[in-house]
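One structure below.
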Amino acid sequence: MTQKIRIYLFIAIAFLLGSVSFLYTNFFNIVIIIGIVLNFSVAKKEVIVNLREDNLFLKLPFYFILYMGVHALILKFWGDELVKYSYTIFESLLLYFIAIPLYVCSVKDVLNKKILNYSLLAFVGGVIIFNLASFFKLTGDNLFNEPIVAIKVISASRFGGNKEIFGGHVFLEPLGLCISLATVIVFYFAIIARGILNKFKYLLPFSLLLFFLFLTETKSAFISFGLGLLPLLVFFLKGYSMKYKLGVIVILVGVLMVLIVNAPESLKGRFNTTKDEIHHVLKGDLSQGGTIVPRVALYKENFNHFGEFGIFGLGVAYTNTVKKWYAESKYAVHGLTDPHNSFIYFWLIGGFAGLLFVLGIFFLPIWHMYRNRQFTFIVLSLWIVIVLVNNTTVLLSLNDSKPVILFFLSLLYWNSGVFKKQEDDSCLKLKND
């Protein structure tokens with residue numbers, strides 16, 4: 001009975017990640033802690049064995065906490081008294097970077113192919129339900145009275161942007177990340193499904209998620225989704241003839257062209273703006289722009305202060321220090337509060353140790369897969385989506401997105417073998433068909 005409770009809780013947590021974890025992060029943290037306590041209570045021996053076998057993904061944040069603690073003490077006694085310090089980084093490291101991987105590791109002994117599939121589908125279900133509810137909430141009666149106008153309005157607002165909804169606040173970029181991950185997962189299940197009818201049953205959720213992704217008009221989510229699909233396309237096509245492969249590629253290019261031609265005006269406008277911004281960047285003009293120009297300007301401004309953070313980091317002085325930099329900058333970054341890049345964010349906070357930490361968090365799942373010779377296409381696809389999005393945003397520092405990112409990276413790190421077995425079995429089925 002306790003084993004079933006552990007399994008059901010894991011699947012429920014995956015569903016929460018795709019839905020209400022955006023809105024109620026404190027509640028989600030409590031559920032994770034309950035899961036850890038439950039797993040240690042009923043399967044202490046198995047959990048300890050799991051932790052002893054492979055715990056580098058957990059050791060990394062622990063060592064970083066120690067470094068940041070020493071750094072904070074040095075600043076406390078010998079730092080600038082005029083600078084205000086913020087200690088929220090420790091809460092983040094403990095509640096997310098330690099607790100979530102610890103939970104995923106503690107439930108590893110009951111995870112198999114079937115349960116992992118259920119949990120991935122639960123995440124997808126959570127994403128679809130949350131976004132459908134948001135869609136109806138934002139469009140209201142207009143959806144039934146003037147559906148085309150309602151869709152144009154919600155598209156122009158980028159799916160409501162950063163919005164207050166259902167009693168909580170939802171940021172657009174984390175939402176785009178979750179939709180991208182869910183769309184890739186649905187495509188994966190369509191590939192491994194046996195029989196054409198079973199494959200087609202994933203068409204509706206895939207179409208819905210693609211529709212939501214278009215509504216967000218988030219470039220980072222588009223790019224990460226597109227590149228994240230590539231490994232799965234290779235996996236799908238590797239057993240077929242060149243003629244079949246070319247046919248599929250032609251169909252996909254055709255669908256893409258139809259989507260581009262029929263894209264809403266607001267989306268076309270964003271891509272035209274992007275072209276203009278790239279032109280400004282190439283000319284060296286960083287005084288105007290809405291997305292690309294500010295990001296390039298942020299990178300330049302941050303590295304103008306490399307001597308202040310490059311080796312040891314800003315530590316608990318990060319928040320107020322970078323605000324001061326951006327406020328006094330000659331570039332168009334006034335009013336911004338973060339570097340819009342997760343790698344640079346942790347470099348700013350922890351210096352060289354912070355850079356090693358964030359590189360480890362992102363690249364350990366791939367290294368682990370390579371070391372154990374458990375190469376899987378789905379692991380690579382999901383990893384590409386997560387890493388690419390974090391290159392243009394600080395999603396690894398936002399409470400909306402940290403749980404999703406760390407849950408999936410932990411899942412990929414400790415369960416690449418299960419995914420490998422599933423892909424091998426799926427290849428055999430395709431050959432038998």
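The values are calculated or read from the model by the stated rules, or taken from the named source; none is laboratory data. Source: prediction; values computed, not measured. Every residue, glycine as well, gets a Cβ built from its backbone with ideal geometry; the counts of neighbours run over all protein chains shown.
A few points about this structure:
- The range 368-407 - residue that is of a type in the set (D, E, K, R) and in contact with a helix residue (DSSP H, G or I) (Cβ under 6 Å, 6 or more places away or on another chain) and, of those, surrounded by the most Cβ atoms within 10 Å (Cβ to Cβ): 400
- Any hit, the range 35-52, residues being under 21 Å from residue 357 (Cα atoms) and not aromatic (Phe, Trp, Tyr): yes
- Every pair of residues 6+ apart whose Cβ atoms lie under 6 Å, when the first sits in the range 307-334 and is free of Cβ contacts under 8 Å to residues at least 60 places away in the same chain while the second is β-branched (Val, Ile, Thr) and assigned to a helix (DSSP H, G or I): 314/321
- Residue list for the range 308-366, restricted to those being closer than 23 Å to residue 404 by Cβ and charged (D, E, K, R): 338
- The range 401-419 - residue that is assigned to a helix (DSSP H, G or I) and among the hydroxyl-bearing types (Ser, Thr, Tyr) and, of those, modelled with the lowest pLDDT: 416
- Scope the range 359-400; condition outside any helix (DSSP H, G or I) and at pLDDT 90 or above; matching residues: 390
- Every pair of residues 6+ apart whose Cβ atoms lie under 9 Å, when the first sits in the range 188-216 and is more than 20 Å from residue 234 (Cβ to Cβ) and surrounded by fewer than 18 Cβ atoms within 10 Å (Cβ to Cβ) while the second is charged (D, E, K, R) and at pLDDT below 85: 195/433
- Test: residue in the range 375-389 that is free of Cβ contacts under 8 Å to residues at least 60 places away in the same chain and over 21 Å from residue 177 (Cβ atoms): yes
- Candidate set: the range 63-95, residues that are under 16 Å from residue 356 (Cα atoms) and out of contact with any helix residue (DSSP H, G or I) (no Cβ under 7 Å at 6 or more places or on another chain); chosen: the one surrounded by the fewest Cβ atoms within 10 Å (Cβ to Cβ): 66
- Scope the range 167-181; condition of a type in the set (Val, Ile, Thr) and closer than 21 Å to residue 382 by Cα; matching residues: 179
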